[in-house]
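Visitor: I'd like to ask you about the structure that follows.
The values are calculated or read from the model by the stated rules, or taken from the named source; none is laboratory data. Predicted, not measured: the structure shown is a model, and the values here were computed from it. Cβ placement follows ideal geometry from the backbone for every residue including glycine, while neighbour counts extend to all protein chains displayed.
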Amino acid sequence: MSNSTLGHLLEIEAEAAALVNEAQEEADRRIHENEEKNRADFDRQLKEKIKLRELSLEEEKEKINIQYQKELDDFRREMSGVNADETRFFSLLNEYLTQARFKTGL
């Protein structure tokens, strides 16, 4: 093999190495762009899902608050119709406790 042939082969090898390096750089650039795009898409989708969950949570909280207020209003309405007769209550309680003591022998 002559020096010129060897030199020519070395030039071709250098060109091939340069092409491989360019191809690798292009592949790395595309991978990086793709990763950024995928990350941005993921972040957007995640934010959308979080927003939907938050809306759903707020709706559920509102339903619970409405139900709570209704039950509280019903309870207050029922309690407003009840007259507290503490004297009678304590009299009945005393009578019950007295009978319980008598039955148990205390």
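Visitor: Of the conditions (1) surrounded by 10 or more Cβ atoms within 10 Å (Cβ to Cβ); (2) among the β-branched types (Val, Ile, Thr); (3) modelled with pLDDT under 95, Val82 clears all except one; give me its number.
Guide: (1)
Visitor: Across region 80-90, what is the number of residues that are over 48 Å from the mean Cα position of the chain (by Cα) and assigned to a helix (DSSP H, G or I)?
Guide: Qualifying residue count, region 80-90: 5.
Visitor: Just to check your reading of the model, which residue among Arg53, Arg39, Arg77 is in a helix (DSSP H, G or I), out of contact with any Phe, Trp or Tyr (no Cβ under 7 Å at 6 or more places or on another chain) and loosely packed, with under 10 Cβ neighbours inside 10 Å? Explain how you work it out, then say what you get.
Guide: Details: Arg53 fails: loosely packed, with under 10 Cβ neighbours inside 10 Å; Arg39 fails: loosely packed, with under 10 Cβ neighbours inside 10 Å.
After applying the criteria, what remains is Arg77.
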